[in-house]
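What follows is a short report on a single structure.
The values are calculated or read from the model by the stated rules, or taken from the named source; none is laboratory data. Values in this document were obtained by computation on a predicted structure and should not be read as measured data. Every residue, glycine as well, gets a Cβ built from its backbone with ideal geometry; the counts of neighbours run over all protein chains shown. Remember, those area values only see protein heavy atoms, side chains included, never the ligands or the DNA or RNA. Shrake-Rupley method; radii C 1.70, N 1.55, O 1.52, S 1.80 Å.
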Amino acid sequence: MKFLIDDANVAKIREICEYYPVDGVTTNPSILAKSGRNPYEVLKEIRGIIGAEADLHVQVISSEAGAMVEEGHKILAELGGGTFIKIPATQEGLKAMKILSGEGHRVTATAIYMPMQAYLAGMAGADYAAPYVNRIDNLGANGIETAKVIHDIFKKNGLKTEVLAASFKNSQQVLELAKYGIGAATIAAEVIEGLIRNASVAAAIEGFVSDFEALCGEGKTMLDC
Ligand code: E4P
């Protein structure tokens, strides 16, 4: 499962990239709005941090296919040809996906709440489809199940499209999808930081250090014992 940061906080992205194995960054208009800065300025900074080869997913705003395609071209010109153009899986969005994927560009279908949206996006040439796990849960449905069903639809129909699960609120949701082998997960920085936070781990390590210091002296390590 690829591991992406769902955030546009440049300082946080830099920090997460330093510590975690990260494949890229996804943004959406609401995430960019939180920065309060020009979107391209922020996105170029993010591109600089993650490097030209890492995955960067950037969403279009327009609701009509022709305008979505134009936005896609502008995003590619500004941020590099490998950038994934995120397009909502609406009727107009499907048309834009067909055009952009037909031109050889990388496309991520977003705002996915139903497996049928994902299936049609896959048929329209999308590389990824992003079901919103937590938002689906909040509708009284099952976000994890929806992501798994979409994964199975892609595999059973021989589509190259992968699930890019999004909208996580906790570690368990991420773990469930990693166990299932879905293609990718994009996770907000605060959820990433919770993935390995565990008081038992901290206590175990503290015990090791204090036992070693009792043997060799305070502050000693395997370097100078
Ligand atoms: C990703 O494609 C989505 O835009 C994003 O993950 C939604 O997350 P949220 O439900 O936490 O806003």
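Computed quantities for the displayed model
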read-out	value
Residue-wise HN-Hα coupling along segment 102-116, computed from phi with Karplus coefficients 6.51, -1.76, 1.60 (Hz; x: Gly, Pro)	x, 7, x, 8, 8, 10, 10, 7, 10, 6, 9, 10, 9, x, 5
Rounded to 10°, Cα long-axis angle of helix 171-180 versus longest principal axis of the chain	70 degrees
Relative contact order (%) - the chain, alpha-carbon pairs under 8 angstrom, separation at least six	17 percent
Peptides ranked, highest mean first, by Cβ atoms within 10 Å: ranges 184-194, 76-86	184-194, 76-86
Burial order of peptide ranges 30-40, 98-108, 61-71 (average beta-carbon count within 10 Å, highest first)	98-108, 61-71, 30-40
Length gained when the stretch residue 214-residue 123 is fully extended (0.36 nm per residue, less Cα-Cα span)	26.4 nm
Label zone at residue 138 (point 7 Å along Cα-to-Cβ), backbone N below 18 Å, segment 146-171	146-147, 165-171
Separation of alpha-carbon centers, segment 12-30 and segment 198-218, rounded to whole Å	31 Å
Relative contact order of segment 53-104, pairs being alpha-carbon contacts under 8 Å that are 6 or more residues apart, as %	42 percent
Residues of type lysines that residue 155 reaches as a straight line, Cα spacing below 28 Å, ignoring anything fewer than 8 places off in the same chain	2, 86, 95, 98, 169, 179
Square roots of 5 times each gyration tensor eigenvalue, C-alpha, segment 89-131, largest first, Å	16, 10, 8
Gyration tensor (alpha-carbon) shape descriptor, segment 123-225, a/c threshold 1.5	prolate
Segment 97-225: relative contact order in percent, alpha carbon pairs under 8 Å with at least 6 residues between	17 percent
Under Karplus coefficients 6.51, -1.76 and 1.60, residue-wise ³J(HN,Hα) of segment 55-68 in Hz, glycine/proline x	6, 10, 10, 10, 8, 7, 9, 4, 10, 10, 3, x, 5, 4
C-alpha long axis of helix 39-50 to longest principal axis of the chain, angle in °	50 degrees
Estimated dipole of the chain in Debye, rounded to 20 [Cβ of Lys and Arg +1, of Asp and Glu -1, Cα centre]	760 debye
Highest-first arrangement of 146-152, 9-15, where packing means the average Cβ count within 10 Å	146-152, 9-15
Backbone HN-Hα couplings from phi across segment 26-34 [Karplus 6.51/-1.76/1.60, Hz, Gly and Pro as x]	10, 9, 9, x, 5, 5, 5, 4, 4
The chain - Cys residues lacking any other Cys C-beta under 4.7 Å	17
Computed [θ] at 222 nm, helices only, for the chain once each DSSP H run of length n ≥ 4 contributes -39500 (n - 2.57)	-16000 deg cm²/dmol
On Cα atoms only, tilt of 143-156 relative to the major axis of the chain in degrees	60 degrees
Solvent-accessible area, 1.4 Å probe, carbon plus sulfur percent, for the chain	55 percent
Within a Gaussian network of the chain (alpha carbon springs, distance under 10 Å), most fluctuating of 18, 45, 206	206
